[in-house]
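Have a look at the structure below before the remarks.
The values are calculated or read from the model by the stated rules, or taken from the named source; none is laboratory data. Computed from a prediction, not measured in an experiment: that's the story for all the values here. Using ideal geometry, Cβ is built from the backbone for each residue, glycine included, and neighbour counts are taken over all protein chains shown. Just so you know, the surface numbers come from the protein's heavy atoms only, side chains and all, with ligands and any DNA or RNA stripped out. Shrake-Rupley method; radii C 1.70, N 1.55, O 1.52, S 1.80 Å.
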Amino acid sequence: MEVLLKPPRIMYVQKKSVIVSFHDEMNISENIMYGDFFSNLTLIISSLLPLHFYNLNLIDIDGINGYLRKNIKSILKYTELLFKIRFSEKNIINLVFKTNLKDKFQIYPTAGTFFNPPLSDYEKEIVEREINYLPKDLKKLIKRLIIYSNVFKRTVKIRELKNKEEEYLLNKKMDFDTYTVNIFDVSRCVDKERVKVYYNIKVNESNIKLIPVIWCLTTFLEISIPNYNTKFGPGFIEELMRYRESIARKILRENFIEIPENLHEKLCIASNLAAMGMFKLTPLILDDNVEEIYIDGPEKNIYLDHSEWGRCETKISLNENEMRCLATYIKAESGLPLDYASPTIKTDLNTRFFKLRINVDTYPLVDTNYVFIIRKFRREPLTIIDLLRKGTLTIDALTYLLIALFHKRNILVVGEPSSGKTTLINALDMVAPSYWRRISVEEVVESLNLTKYGKHDIKYRVDSFDQDPSSRRRFVETIKLLHRSPNYIFFGELLTSDHVSIFLQSLEAGLHGIQTTHANSPEALIRKWIFHYKLPIQSIGNLDVIVHMKRKLSYNENRRFVYRIVEPIVKDDEKECKIELSDLFIYNEGLKLVKDLKESFVFKKIVKEEHVSIEDLYEEYTSFKQLINQLLEKDGELISIIQAFDKMSTFRA
């Protein structure tokens, strides 16, 4: 059924002239029937209807062969006649829909006879009898449709599709945990012989009827170009999708009156992604359980990381044209070049439907045309309560981190790639006091937009390492923060020695913040900073907490958890300067507290610098812990969690 996820591409040759290109994989050489729903001919007709709506001149159609190619003139004429009835004037289709011909001209819930020709003799008799009650001009149009339908009956062969791949999945694997994403059913298929888990996608049986509508809408949207100057750069795709969504909603409302309004949102999203050549990626991009998507080259099966099922294979692949199309949209979104001289892009793509971080590599950096790594962020981000329920950390560890956060201690989260570092600092950032002025400085925006929750949230985007290896822009913007009056900084990811140096200098200047970096352990991090980056030990003294994250990934498992929480202590005397990593929490069949919190170096710092007693601080710790337990007992939304901690911060003040 993958062929149904490949609507045609529209290519403008001149202002009002286009070429319609169907994908070669669809092999449109005969009129294949997809169950009892529709045929290849239905899809062709649905795709060509919008050309008449915009009075476009069709230069050529690529990808249609055999019987259908021989009948292309009849198809075009048939489509023009069907357009005049379905789209040219609203009162015409309203007249038709008041007769018993309604089901013959509808595109949903089943493709009617005229969307799915040829007509049988019995259907032809019904139509000829019913049109006697219609105006003469309309009657004449429908009679001509019948004539062209007879042409298809004589010359176009019909064949039923047998999906061997789907039979293989059902016979050779076991199906588990099916759920729905947009128009798709997603299920976990375990291949015990190959020890693999498959992320199996198929169009939901009740939604397969929507495919001709999506193909028609996709052509409408591809043709629809904003009539204002669209600027490339961050926000381009969001703006384009909003524009196209308004077009799709208008077309559905005015021209597809048989489609229930509760399906409009689903159709708008699917057709919007299809118009950008991403229809095959739709379930992956929209599924909140998918965390990372890997596309290693053309014709190579895509694989992914699923939050519950672990590393999963798919039967989906992109061809070279589809990968080039995806790369073009990413270039437009980033505003950056992708060529021989600049063979890599790292950018974020944020819309109201999904939030992605995308890495694209191309030749000569890789030995294929394109490689994509797509990191997905949940539409509804994980809260600290969600992380507790998932076993990422314990109540005691979370309470300690909240004390550090609310007292503006500097927190660094380390771990391997995709170990949950950003998820943890975002979850902490959500509950920081709303009166704080928080500022993020990031190459790719991974921090959350918290303005909608009443927080003061400003984001600065700096050039990525690929565009600015010297990190000059990050250095300048970090220095400027001193005059931007932040209460807390979201520094994002520290990738290079320059990043770390800038970060440590900002701490020396009195800034406070939370950030992430890659390291195998806190000890490895310190060794890297001191021996490889040549940073003085004394500069690490302003770092208060290091949280070490780990990930356990396999087929069938994907778990992230806090492995250690340590406090770096710099001891500087006349003879030597050294650093000690004091363990506070260690994972040993669960994350366990290994030291009395009253002996915590962070607690002692707070007592000394803020002039509070250790008893008062421990009482605050107990209050936070009680609040967390109360929230665990409820099933509260994010806003209620934020409000609960805001009340706590007011109480503290």
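For region 403-409, 3J(HN,Hα) computed residue by residue from phi via the Karplus equation (6.51, -1.76, 1.60; θ = phi - 60°) reads 4, 4, 5, 5, 9, 6, 7 Hz, glycine and proline entered as x. May I ask you to evaluate 6.51 cos²θ - 1.76 cosθ + 1.60, the Karplus curve with θ = phi - 60°, for each residue of region 280-287 and list the ³J(HN,Hα) values in order in whole Hz, giving x for glycine and proline? Residue by residue, region 280-287 yields 5, 8, 3, x, 5, 6, 8, 6 Hz. Take the Cα of residue 390, step 7 Å toward its Cβ, do the same at residue 319, and the gap between the two points is 3.8 nm. Note on residue 583 and residue 505: with the Förster distance fixed at 25 Å, the Cβ-Cβ geometry gives a FRET efficiency of about 0.35.
Quick check: at a probe of 1.4 Å, how many percent of the accessible area of region 272-387 sits on carbon and sulfur atoms? Answer for region 272-387: carbon and sulfur cover 46 percent of the accessible area.
Across region 4-162, the fraction of Cα-Cα pairs farther apart than 27 Å, rounded to a whole number, is 22%.
Along the chain, the longest continuous region that contains none of the chymotrypsin sites (Phe, Trp or Tyr not before Pro) in a DSSP loop with at most 11 other C-beta atoms within 10 Å is 341-653. Here are a few candidate values for mean projected area of the Cα convex hull in nm²: (i) 33.8; (ii) 29.1; (iii) 38.2. Which one was actually calculated from the structure I just gave you? It is the one labelled (i). In this structure the amide hydrogen of residue 29, modeled in the peptide plane, comes within under 5 Å of the amide hydrogens of 65, none closer than 5 places in sequence on its chain. Take the chain and mark each of the GluC sites (Glu not before Pro) that is in a DSSP loop with at most 13 other Cβ atoms within 10 Å; the longest unmarked stretch, sites excluded, is 309-573. Estimated purely from DSSP H runs of n ≥ 4, each contributing -39500 (n - 2.57), the mean residue ellipticity at 222 nm for the chain is -11500 deg cm²/dmol once divided by its residues.
Annotation: amide H of residue 196 within the under-5 Å range of 191, sequence separation 5 or more or interchain, hydrogens built in the peptide plane.
Computed about the Cα centre, the dipole magnitude for the chain is approximately 2180 debye when only Lys and Arg (+1) and Asp and Glu (-1) carry charge, each at its Cβ. Here the Kirkwood formula, the inverse mean of 1/r across different C-alpha pairs, assigns region 580-653 a hydrodynamic radius of 14.4 Å. Phi angles of region 483-494 translate, via the Karplus equation with coefficients 6.51, -1.76, 1.60 and θ = phi - 60°, into HN-Hα couplings of 9, 10, 6, x, 8, 8, 10, 9, 7, x, 9, 9 Hz per residue; Gly and Pro are given as x. Over region 400-538, the fraction of Cα-Cα pairs per 5 Å bin, rounded to whole percents and listed from the shortest bin up, is 2, 9, 21, 23, 23, 15, 6, 1, 0.
Annotation: amide H-H contacts under 5 Å for residue 319 (H modelled 1.01 Å from N, sequence separation of 5 or more, or interchain): 299. Along the axis of the charge dipole computed for the chain (Cβ charges of +1 for Lys and Arg, -1 for Asp and Glu, origin at the Cα centre), the listed residues 96, 594, 215 are led at the positive end by 96. A simple spin-label model places the labels of residue 483 and residue 594 4.7 nm from each other, with each point 7 Å out along Cα-to-Cβ.
Helix 601-610 and the long axis of the chain differ in direction by around 80°, with both axes built from C-alpha atoms. Taken about its Cα centre, region 407-451 carries a charge dipole of roughly 320 debye when the Cβ of each Lys and Arg holds +1 and the Cβ of each Asp and Glu holds -1. Give me the percent of accessible area attributable to carbon and sulfur for region 400-555, probe 1.4 angstrom. After summing per-atom areas, the C and S share lands at 52 percent.
Using Cβ point charges alone (K and R +1, D and E -1), the dipole size of region 166-287 about the Cα centre works out to roughly 260 debye. Of all lysines in the structure, the ones whose alpha carbon falls short of 25 Å from that of residue 102, not counting any fewer than 8 places away in one chain, are 77, 84, 90, 124, 136, 139, 140, 143, 153, 209, 250, 266.
The modelled label-to-label distance for the pair residue 176/residue 90, using points 7 Å beyond Cα in the direction of Cβ, is 5.2 nm.
Reducing region 593-653 and region 307-334 to their Cα centroids gives an inter-centroid distance of 43 Å. Backbone N atoms of region 553-579 closer than 18 Å to the 7 Å Cα→Cβ label point of residue 608 belong to residues 567-579.
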